[in-house]
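See below for the structure under consideration.
The values are calculated or read from the model by the stated rules, or taken from the named source; none is laboratory data. None of the values given here were measured: they were computed from a predicted structure. All Cβ positions, even for glycine, are placed from backbone atoms using ideal geometry, and neighbour counts span all protein chains on display. For the accessible areas, the whole protein counts, side chains as well, though only heavy atoms, and no ligand, DNA or RNA atoms are used. Shrake-Rupley method; radii C 1.70, N 1.55, O 1.52, S 1.80 Å.
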Amino acid sequence: MTAGVPIRRLEPADAAAAASLHAAMPEPWNEADWAKFLADPLVIGLGAVENALIGAILLRVVADEAEVLTVIVAETARGRGIGRRLLDAGLEEVARRGAKATFLEVATDNAAAIALYYVTGFVEIGRRRGYYRRPGGSQDALTMRKGPALDDGRHAT
């Protein structure tokens, strides 16, 4: 249950906590990376806080398109719907800023994230071979989109 976990805007002062959380990612961003993102007026940073930062999402809006840059939930907080709440809040915010479509890339070995994106209305629009570096190799990325119908009619909001 996540009703009691507040979602709030992240500020540059949250960069260290966000970097610590993101350290669990295969290609983590450091504190300076997070500080730069959180200071960028085109970037929306939201965090789930329960005594400490337990989840975060970064999205960027340019013109009428948005991109999900990252979603991360602490391992100890997974399975409670926090990623979904962060994604929903982020999508609401990008829509308020005028985004008509939102894009993302997700590693093909990240089944939980892929399931989340499908259930929230994203559709696969492509694949980038070897996009993510992994120890001993690489992993493909699915490119996904949520927004008005594509030319082939695959998706509508």
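Things to note:
- Looking at region 44-90, the accessible area is 41 square angstrom per residue; that uses a 1.4 Å probe and ignores ligands, DNA and RNA.
- FRET efficiency, 1/(1 + (r/R0)^6) with R0 22 Å, evaluated for E11 and A101 via beta carbons: 0.20
- Dipole magnitude for region 47-89: about 220 debye, using +1 per Lys or Arg Cβ and -1 per Asp or Glu Cβ, origin at the Cα centre.
- Relative to the current alpha-carbon distance between D140 and T108, full extension at 0.36 nm per residue lengthens the span by 10.9 nm.
- Positive-end extreme of charge dipole, the chain - chosen from G79, I7, G45 (charges on Cβ): G79
- Derived from the Cα gyration tensor, the three semi-axes of the equivalent ellipsoid of region 63-129 are 20, 17, 9 Å, largest first.
- Relative contact order (%) - region 1-67, alpha-carbon pairs under 8 angstrom, separation at least six: 31
- Sequence of F37, F122 when ordered by accessible area, the most exposed leading, probe 1.4 angstrom: F37, F122
- Put a dot 7 Å past the Cα of A23, heading toward its Cβ, do the same for D64, and the two dots end up 4.3 nm apart.
- Carbon-plus-sulfur accessible fraction, the chain (probe radius 1.4 Å, protein heavy atoms only): 51%.
- Our helix-only sum for the chain, with -39,500 (n - 2.57) per DSSP H run of n ≥ 4 divided by its residues, gives a mean residue ellipticity at 222 nm of -7500 deg cm²/dmol.
- Here the contact order of the chain, divided by its residue count and restricted to Cα pairs under 8 Å and six or more residues apart, works out to 16 percent.
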